[in-house]
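Have a look at the structure below, then the notes.
The values are calculated or read from the model by the stated rules, or taken from the named source; none is laboratory data. The model shown is predicted, which means the values in this text are computed figures rather than measured ones. Neighbour counts run over all protein chains shown; Cβ positions are idealised from the backbone, glycine included. All accessible areas refer to the heavy atoms of the entire protein, side chains included, with ligands and DNA or RNA removed. Shrake-Rupley method; radii C 1.70, N 1.55, O 1.52, S 1.80 Å.
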Amino acid sequence: RSWRPDDSLRLLFLGRLHEIKGLENFLKAISKLPGNISLSIYGSGEEVYTQKLYKLINKLDIEKRVRFLGHVTGKEKDKAFDSSDICVVPSHTENFGMVIAEALAHGLPVIASKGTPWRDIEKEGCGWWVENDSDTLRSTIEKALNEDLKLMGEKGRAWMQRSFSWEDQAAKLLNVYKTYSN
């Protein structure tokens, strides 16, 4: 669906609450966006860091738009994906970023920082691969408002099925064995 100004846009962050995840820049971006754009944060982390995030949220005056919902797994995690419009992964660095693959598999477009190895997300038409600074995150979310998020989500799900299925991964592993067994 395309976003309309009278709609709410529900953003999702799902992961460990840690400085490496880049949440501060994301929260600053949220503070510069319209009030009908909200963020649900699923995850847990060290109490000191979590309190730092709460203080920043209060300082930015976005406490009514940002919800901390704790660590989720299984069906609760599925509900988190299903009740969101875009998953945002603003990490400074990630080895793989499993949450990106999970979001795409759930049909959810993704905004991933260049600290993740997901550069093909734009080529596949299912999200954006961007710098992790508040202005870039804000402008990307604004750009997303004019996109057909449902179509992008469908493209992401198809990409995950095509490139990350058990069959695909088994074939890749078999090729590695064949290459090195000779």
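Roll a 1.4 Å probe over the protein chains and send me the accessible area per residue for the chain in Å².
54 Å²
Using a Gaussian network model of the chain with C-alpha springs under 10 Å, which one of 16, 162, 67 is most mobile by mean-square fluctuation?
162
When the helix-only estimate is applied to the chain (DSSP H runs of n ≥ 4, each -39,500 (n - 2.57), divided by the residue count), what is the mean residue ellipticity at 222 nm, nearest 500 deg cm²/dmol?
-14000 deg cm²/dmol
Please identify the chymotrypsin sites (Phe, Trp or Tyr not before Pro) of the stretch 74-160 that satisfy two criteria: DSSP loop assignment and at most 11 other Cβ atoms within 10 Å. Which are they?
Here the chymotrypsin sites (Phe, Trp or Tyr not before Pro) that fit, given the DSSP loop and packing criteria, are 96.
Considering only protein heavy atoms, what is the solvent-accessible area of residue 179 at a probe of 1.4 Å, reported in Å² to the nearest 10?
Result for residue 179: roughly 90 Å² accessible.
Give the angle, between 0 and 90 degrees and rounded to the nearest 10, that separates the Cα long axis of helix 47-59 from the longest principal axis of the Cα atoms of the chain.
Tilt of helix 47-59: around 50 degrees.
Can you give the convex hull volume per residue for the Cα atoms of the stretch 32-82, as a whole number of Å³?
Looking at the stretch 32-82, the number lands at 77 Å³ per residue.
Considering only protein heavy atoms and a probe of 1.4 Å, how much of the accessible area of the chain is carbon and sulfur, as a whole percent? Working shown, then result.
On the way: 5060 of 9920 Å².
The value for the chain is 51 percent carbon and sulfur by accessible area.
Compute the Rg/Rh shape ratio of the chain: radius of gyration over Kirkwood radius, all on alpha-carbon atoms. If you can, show how the numbers build up before the last one.
On the way: Rg = 17.1 Å, Rh = 16.9 Å.
Computed over Cα atoms, the ratio is 1.01.
Express in whole angstrom the spacing between the alpha-carbon centres of the stretch 134-158 and the stretch 8-28.
16 Å
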